[in-house]
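Down below is the structure, laid out as structure tokens.
The values are calculated or read from the model by the stated rules, or taken from the named source; none is laboratory data. Note that the structure is predicted; figures quoted are calculated from it, not measured. Please note: Cβ atoms are built from the backbone with ideal geometry, for glycine as well, and neighbour counts cover all protein chains shown. Surface areas here come from the heavy atoms of the whole protein model, side chains and all, with no ligands, DNA or RNA. Shrake-Rupley method; radii C 1.70, N 1.55, O 1.52, S 1.80 Å.
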Amino acid sequence: GTKVSPQSNSELMGLYRSNGVYCTQCEAEGFRRITYHYDRPDVLSVYTVKILADGATTPVLLSNGNLVEEGMEDGRAFALWHDPFPKPSYLFALVAGDLDVLKDTFRTMDGREVALAIYVETGKAPRAAYAMDALKRSMLWDEKRFGRAYDLDVFNIVAVSDFNMGAMENKGLNVFNDRYILADTAVATDVDYDGVEAVVAHEYFHNWTGNRITCRDWFQLCVKEGLTVFRDQEFTSDERSRAVKRIEDTRRLRQHQFREDASPLRHPVRPDSYAEISNLYTATVYEKGAEVIRMLHTLIGEAAFREGMDTYFDRHDGGAVTVEDFIGCFDALDVPDFMRWYEDAGTPTVTVTEEMNGDTYTLRLTQVPPEGARLKPIPLRTKLFGDNGPLDLGRATVDGARLMGDVLLLEGESATLTLPAVQAKPLASLLRGFSAPIRLERESDPARDLAALQKDDDPFNVWDAAQRLLMDWLTNAYEGTKGDVAPLADALSAIAREERYEPAFRALILTLPSRANVFDALGEDIDPDRVEAVHTDLATRLGTAMAPALKALLNADRPADDDVSAAAAGERALANGALALLTRSGDSGPALAQAEAAGNMTDRLAALSALAAANAPEADAALQSFRKAYDGEALVLDKYFILQALRADEAALSRTKSLMDDPHFSLSNPNRVRSLVGAFSQNPVGFHRADGEGYRFVADIAMALDGTNPQVAARLLTAFGDHRRFEEDRRRAARAVLDEVAAKPTSADVADIARRLTADR
């Protein structure tokens with residue numbers, strides 16, 4: 001036998017206690033902290049688990065599989081669980097404690113009734129209702145889209161407040177960070193509801209893509225995570241808005257994964273080595289892994305993709321697989337070098353040039369691989385617009401690429417598409433729907449981008465054209481040339497009022513590129529203070545120029561406060577996007593009024609965010625009032641910490657340090673650390689202080705955490721991933737801090753990140 005001490009397990013790996021509840025987290029190598037076992041993911045076992053406890057204090061006893069028996073034995077309560085499906089030890093789970101429960105049922109497509117239950121802290125069961133609804137919709141969607149029915153008699157979810165990750169897909173017993181389960185309109189925003197839906201779906205979809213079929217080794221992590229992210233993205237697209245979801249996923253990829261790909265922390269989607277597996281649960285494995293699956297889907301189409309997935313489930317059910325096993329199921333894929341997307345790190349670039357020679361139009365594409373990488377097959381969804389509408393690509397001559405319907409597949413270094421008998425230079429709509437995870441570089445042409453806002457029928461490219469116009473202004477202003485915002489303001493106002501676009505899309509149009517996107521566009525030797533100044537200036541100018549249109553959007557009818565539908569969320573997003581820009585103009589009255597009178601958390605938090613982002617005089621008092629009103633709501637206080645930590649002013653560091661003394665802040669709770677210190681590490685002014693004190697603060701907190709929770713400590717240090725792109729004084733300050741970390745004895749998690757950040761410079 002073995003003895004463990006759950007109450008002293010601060011790493012939250014293996015068996016630990018969270019607010020009096022016994023809980024496990026075994027992925028990737030937590031089971032070895034419970035008992036001896038070969039914990040490679042390809043070692044599959046059938047588990048029968050008997051749990052005994054004091055029934056008065058620990059009435060809920062849960063494990064994987066089906067409940068076989070429960071009762072009393074020698075004065076203690078017991079429960080016997082059996083999981084008939086062989087699984088690796090990383091999917092083992094046990095939960096025991098005093099919990100409330102919300103129950104429901106689901107009838108599968110093969111006629112079996114499944115008992116559903118979500119266990120939460122006492123008194124919070126009503127807040128699990130949306131998660132239960134999302135679970136049932138996920139189960140139904142997976143049956144319809146992929147023909148996958150659930151396979152056990154019960155499906156249980158447990159929400160805990162101390163959790164290193166978002167959630168865990170343990171077979172039949174998912175364990176969640178409570179932020180992705182608990183939601184009602186008084187404490188949760190529309191973004192929170194979206195997150196609950198997506199994460200519940202993701203973990204449920206793992207039942208087949210991760211559990212029934214797992215990965216042979218941790219190098220193959222993307223074969224379960226990238227595929228399951230693709231599946232949850234498709235679910236959200238079908239449940240909400242495909243166009244908006246695609247834009248949101250692209251924004252996330254560009255902001256996080258592109259940044260990772262350009263940093264010392266970059267690695268292939270399938271890495272060929274690792275020092276600590278927990279550090280490879282990254283945007284590259286998850287988000288870029290999903291993009292590779294999406295390219296596969298683009299290249300072969302929905303019917304062939306579904307056929308390949310059916311083959312995958314039939315051929316590998318009950319097994320542990322490699323990426324090659326997965327790709328080998330898609331006979332329709334005729335792209336010899338497709339595996340390079342899994343094997344090479346970095347983000348490819350495709351440069352675009354266009355010319356007219358008489359009435360003949362020529363489009364030239366050139367692929368530039370990242371350093372050390374090879375040429376890859378790149379599917380570019382393409383459409384050409386003439387004065388009277390789309391042009392017929394079937395008349396085009398293509399050299400160096402394959403034209404597959406509307407997909408131009410660039411397989412080599414360069415390609416040309418030539419279209420004769422064209423009256424005028426067409427508008428080239430390229431990379432439609434963001435059909436490949438690449439950078440598309442074209443000569444700056446505001447007239448072309450303004451035309452795209454009018455002519456292009458691809459929502460992603462309309463949004464992307466607006467982003468390019470905004471980015472051009474920002475980068476030019478950074479270099480000292482501030483353009484006229486009137487054309488921008490007119491164009492954005494027109495789309496924001498255009499009712500043929502859904503409100504959620506129009507809200508995205510009102511959103512400026514993030515500071516991280518600007519850093520990416522500038523390349524290197526960046527002064528983050530100057531970036532912040534020009535970003536603030538543009539927001540102020542647009543807010544002022546667009547004020548009449550913004551006020552009209554803000555004063556439009558709002559949906560009911562308790563309506564959490566996708567349509568209602570879009571309407572609120574549009575109004576609150578208008579509020580954010582209007583507040584930047586110096587008119588803080590509407591935001592202050594909304595903060596005081598809002599009938600739901602979405603509108604209240606949006607108003608507070610607008611005041612904080614604008615550094616409005618009323619922001620401090622409004623935030624303190626918010627803090628006082630939600631003193632006992634941990635997940636709401638996380639929102640408060642985030643708002644405070646992200647305020648980009650000279651007091652950012654001192655403010656964040658003072659908030660560590662808040663009675664509800666704790667270094668032992670990952671949510672609190674992420675909401676305050678993690679958010680501060682994304683503050684372009686506070687973290688990147690010229691004196692290096694922002695860097696030192698985050699590194700000191702990481703080192704303080706390293707002895708108790710190395711995973712969270714290592715994640716904090718990833719904020720230094722792009723330190724080399726800033727100007728020399730900041731690079732030197734960051735290097736000094738990182739060298740100190742690297743020189744100290746640390747956990748394997750922190751040592752791995754520090755080694756990669758300080759190598760080869």
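Overall, the chain carries a charge dipole of about 500 debye about its Cα centre when +1 sits on the Cβ of Lys and Arg and -1 on the Cβ of Asp and Glu, all other atoms neutral. A cut-off under 13 angstrom between Cβ atoms defines the neighbours of Asp334, and their net charge, with Lys, Arg +1 and Asp, Glu -1, is -2. Annotation for Arg500 and Ala704: the two label points, set 7 Å from Cα along the Cα-Cβ direction, are 5.6 nm apart. Given the pairs Lys383/Lys551; Lys245/Lys551; Lys171/Lys628; Lys3/Lys103; Lys87/Lys288; Lys87/Lys144, which are separated by over 30 angstrom at their Cα positions? The answer is Lys383/Lys551; Lys171/Lys628; Lys3/Lys103.
Charge dipole (Cα centre; +1 on Lys/Arg Cβ, -1 on Asp/Glu Cβ; no other charges) of segment 80-189 amounts to roughly 340 debye. Restricting the chymotrypsin sites (Phe, Trp or Tyr not before Pro) of segment 232-320 to loop positions (DSSP other than H, G, I, E, B) with no more than 15 neighbouring Cβ atoms within 10 Å leaves Tyr274.
Filter the GluC sites (Glu not before Pro) in segment 352-409 down to the DSSP loop ones having no more than 14 other Cβ atoms within 10 Å, then list what survives. Taking segment 352-409 and a limit of 14 other Cβ atoms within 10 Å, the loop GluC sites (Glu not before Pro) found are Glu371. With K and R counted +1 and D and E -1, the other residues having a Cβ less than 11 Å from that of Asp192 yield a net charge of -2.
Taken about its Cα centre, segment 170-320 carries a charge dipole of roughly 420 debye when the Cβ of each Lys and Arg holds +1 and the Cβ of each Asp and Glu holds -1. Solvent-accessible surface of segment 692-740, taken per residue with a 1.4 Å probe and all protein chains present: 32 Å². What percentage of all Cα-Cα pairs in segment 81-180 are separated by more than 20 Å? More than 20 Å apart: 40 percent of the Cα pairs in segment 81-180. Each of Asn177, Ala556, Thr540 was scored by the projection of its Cα onto the charge dipole of the chain, and the greatest displacement toward the positive side belongs to Thr540; charges sit on the C-beta of Lys, Arg, Asp and Glu. Extending 7 Å from Cα along the Cβ direction at Phe78 and again at Ala748 yields two label points whose distance is 3.6 nm.
Note that segment 206-288 presents 27 Å² accessible area per residue, ligands and nucleic acids not counted, probe 1.4 Å.
Computed over neighbours whose Cβ is under 15 Å from that of Gly55, the net charge equals -4, Lys and Arg +1, Asp and Glu -1. For Kirkwood radius over Cα pairs in Å, the value calculated from this model appears in (i) 31.7; (ii) 27.4; (iii) 28.2 under label (ii). Measuring nothing but protein heavy atoms, the accessible surface of the chain at 1.4 Å probe radius is 48 percent carbon and sulfur. I need the calculated FRET efficiency for the pair Val46 and Glu302, taking r as the beta carbon distance and R₀ as 45 Å, to the nearest 0.05. That gives a FRET efficiency of 0.80.
Here the contact order of the chain, divided by its residue count and restricted to Cα pairs under 8 Å and six or more residues apart, works out to 9 percent. Does a label point 7 Å from the Cα of Glu693, set along Cα-to-beta-carbon, have any residues of segment 619-644 with amide nitrogen under 13 Å, and which are they? Under 13 Å, as judged by backbone N against the label point of Glu693, lies no residue of segment 619-644. Heavy-atom accessible surface of segment 323-436, averaged per residue, reaches 42 Å², computed with a 1.4 Å probe.
Legend: calculated FRET efficiency, Asn388 to Met356, from the Cβ-Cβ distance at R0 = 30 Å, rounded to 0.05, equals 0.95. Sorting the segments 99-108, 504-513, 439-448, 171-180 by their residues' average number of neighbouring beta-carbon atoms within 10 angstrom, most packed first, yields 171-180, 504-513, 99-108, 439-448.
With respect to the chain, whose longest principal axis is taken over its alpha-carbon atoms, helix 459-478 is tilted by about 70°. Of the GluC sites (Glu not before Pro) found in segment 613-671, the ones in coil according to DSSP and having at most 13 other Cβ atoms within 10 Å of their Cβ are Glu650.
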